[in-house]
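First the structure, in the form of structure tokens, and then the observations on it.
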Amino acid sequence: MGTPKSFAVLGAGSYGTALAIVLAGNGHQVKMWARDASQAERMQSDCENTRYLPDTKFPESLVVSSDIEEVINDSSVVLVAVPSHAFRAALQTIKPHLGDKTPIIWASKGLDPDTGDLLGNVLIEELGPEQPHAILSGPSFAKEMANGMPTAISLASNERALAEELALDFHNDRFRVYTSTDVIGLQIGGAVKNVVAIGAGIADGLGFGSNARTALITRGLAEMKRLGVALGGKADSFNGMAGMGDLVLTCTDDQSRNRRFGLALGQGGDREGAEKAIGQVVEGVRNAHEIHMLSNRVGVEMPICEAIYKIIYKGADPKAAAHELLTRDLKSES
């Protein structure tokens with residue numbers, strides 16, 4: 001663990017709360033921002049997030065507030081853990097209160113909803129290229145993290161020294177952090193795995209079995225790698241925690257909202273009903289549209305992600321989409 005610091009955590013959903021608990025448990029002073037004042041007051045008085053992480057008490061050094069200025073002021077690091085579609089707005093909210101040398105870590109998985117651009121590019125647009133920044137991504141369900149179950153994750157920054165320093169802030173005997181300089185690779189891994197996980201859920205909902213799920217995960221990884229490398233990411237990154245690791249976790253465990261959403265579609269449900277039943281943001285729904293925009297813009301073929309996009313946004317029949325994938329022209333695997 002690194003030297004104790006003061007952290008601001010933006011986002012009081014399950015993932016932001018879990019990361020705040022990890023940081024506070026490591027001895028850091030943590031202020032977590034919740035947009036809704038009544039929700040912030042309730043969490044502060046209950047010392048837990050009863051809505052998203054019930055029965056997990058906060059460490060004493062974790063406080064909750066709806067006052068963004070109070071949360072940001074005097075914080076030495078800011079962690080942004082809002083849904084990806086709210087990322088730009090969150091940066092605009094904190095900008096007036098932010099020091100120009102304050103490191104920003106984001107744990108949001110996805111792309112800009114309007115342009116399909118990388119969130120790292122959004123950060124540079126909003127805060128400038130000199131703002132120190134890093135991304136945290138990898139296979140990590142919030143409930144398991146918050147309860148201290150063993151977890152391994154990746155943290156990347158263009159500045160290797162910054163990545164190593166920030167990794168120590170999270171690292172403990174139950175939370176292992178691998179460092180990287182591949183900011184692009186971690187972003188693509190975190191977005192594409194959500195879409196492929198919807199596909200895995202659809203396949204299981206249709207009753208296609210383990211063979212089909214494994215094939216989908218393997219070829220989904222190939223699509224992830226193709227897009228990431230085309231954008232400047234490093235091929236090896238996709239074999240690590242934020243690539244294959246996060247993909248396997250999200251595609252195979254029913255704690256994954258994306259997988260559960262796909263299961264509902266495969267079993268004949270509709271998008272609105274599936275999202276309502278889950279009750280939290282299903283990032284892969286927006287990610288499917290964002291990946292569609294981005295892959296078309298850079299000319300990368302992603303048949304699995306394109307099929308998921310058509311099911312969600314064009315009303316394609318899941319069985320017909322699966323048939324279309326299976327009857328594509330034969331090709332070499334390499």
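The values are calculated or read from the model by the stated rules, or taken from the named source; none is laboratory data. The structure presented is a predicted model; accordingly, all values stated were derived computationally and were not measured. Cβ sites come from the backbone with ideal geometry, for glycine too, and all protein chains shown count toward neighbours. We work out accessible area using only protein heavy atoms, side chains counted, and drop any ligands, DNA or RNA first. Shrake-Rupley method; radii C 1.70, N 1.55, O 1.52, S 1.80 Å.
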What ranking do 237-244, 81-88, 251-258 get when scored by the average of other Cβ atoms within 10 Å per residue, highest first? 237-244, 81-88, 251-258
Could you work out how much longer the chain between Asp100 and Ser334 gets when fully extended? Use 0.36 nm per residue separation minus the Cα distance between them, nm to one decimal. 79.7 nm
Could you state, as a whole-number percent, how many of the C-alpha pairs of segment 204-243 are farther apart than 13 Å? 56 percent
Phi-based couplings in Hz for segment 272-285 (Karplus 6.51, -1.76, 1.60; Gly and Pro marked x): 4, x, 5, 5, 5, 5, 6, x, 9, 4, 9, 4, x, 5
Specify the angular offset, from 0 to 90 degrees and rounded to the nearest 10, of the alpha carbon long axis of helix 37-46 from the longest principal axis of the alpha carbons in the chain. 70 degrees
For segment 234-321, list log₁₀ I(q)/I(0) at each q in 0.12, 0.15 Å⁻¹, using the Debye formula over Cα point scatterers of equal strength and ignoring solvent, two decimals each. -0.40, -0.63
Give me the Kirkwood hydrodynamic radius of segment 1-73 in Å, from all C-alpha pairs, to one decimal place? 11.8 Å
Relative contact order [Cα under 8 Å, 6+ residues apart], segment 6-181, whole percent: 20 percent
At Asp46 and Leu168, where each label point lies 7 Å from the Cα along Cα→Cβ, what is the point-to-point distance in nanometres? 3.7 nm
Give the Cα extents of segment 6-181 along the principal axes, in whole Å, largest first. 39, 34, 30
Check the straight Cα-Cα distances from Lys234 and name the lysines below 30 Å, setting aside those fewer than 8 residues away within the same chain. Lys101, Lys109, Lys193, Lys225, Lys310, Lys331
Considering only protein heavy atoms and a probe of 1.4 Å, how much of the accessible area of the chain is carbon and sulfur, as a whole percent? 49 percent
Per DSSP helix of 4 or more residues, -39500 (n - 2.57); summed, then divided by the residues of the chain. What does that give at 222 nm, rounded to the nearest 500? -15000 deg cm²/dmol
Ranking request for peptides 220-231, 293-304: highest mean number of other beta-carbon atoms within 10 Å first, then the rest in descending order. 220-231, 293-304
Express in whole angstrom the spacing between the alpha-carbon centres of segment 110-146 and segment 289-323. 23 Å
Gain on full stretching of the segment that runs from Ala89 to Gln280 - 0.36 nm per residue minus C-alpha separation: 66.9 nm
Take each of the peptides 180-191, 281-292, 69-80, average the number of other beta-carbon atoms within 10 Å over its residues, and list them starting from the highest. 180-191, 281-292, 69-80
So the angle from the long Cα axis of helix 183-205 to the longest Cα principal axis of the chain, reported in degrees to the nearest 10, equals 50 degrees
Collect residues whose amide H, placed 1.01 Å from N in the peptide plane, falls under 5 Å from the amide H of Val64; neighbours closer than 5 in sequence don't count. Met32
Kindly report the accessible area of the chain per residue (heavy atoms of protein chains, probe 1.4 Å, no ligands, DNA or RNA), in Å². 43 Å²
Counting pairs of Cα atoms in segment 113-257, how many percent are more than 20 Å apart? 51 percent
Over 38 Å apart: what share of the alpha carbon pairs of the chain falls there, rounded to a whole percent? 13 percent
Once Arg160 and Thr327 are pulled to full extension, the length gained, defined as 0.36 nm per residue separation minus their Cα-Cα distance, is 55.6 nm
Name the residues whose placed amide hydrogens come within less than 5 Å of the amide hydrogen of Glu48, ignoring near sequence neighbours (fewer than 5 apart) on the same chain. Phe58
In nm, the gap between the two label points placed 7 Å beyond Cα toward Cβ at Ala316 and Ala222 is 1.7 nm
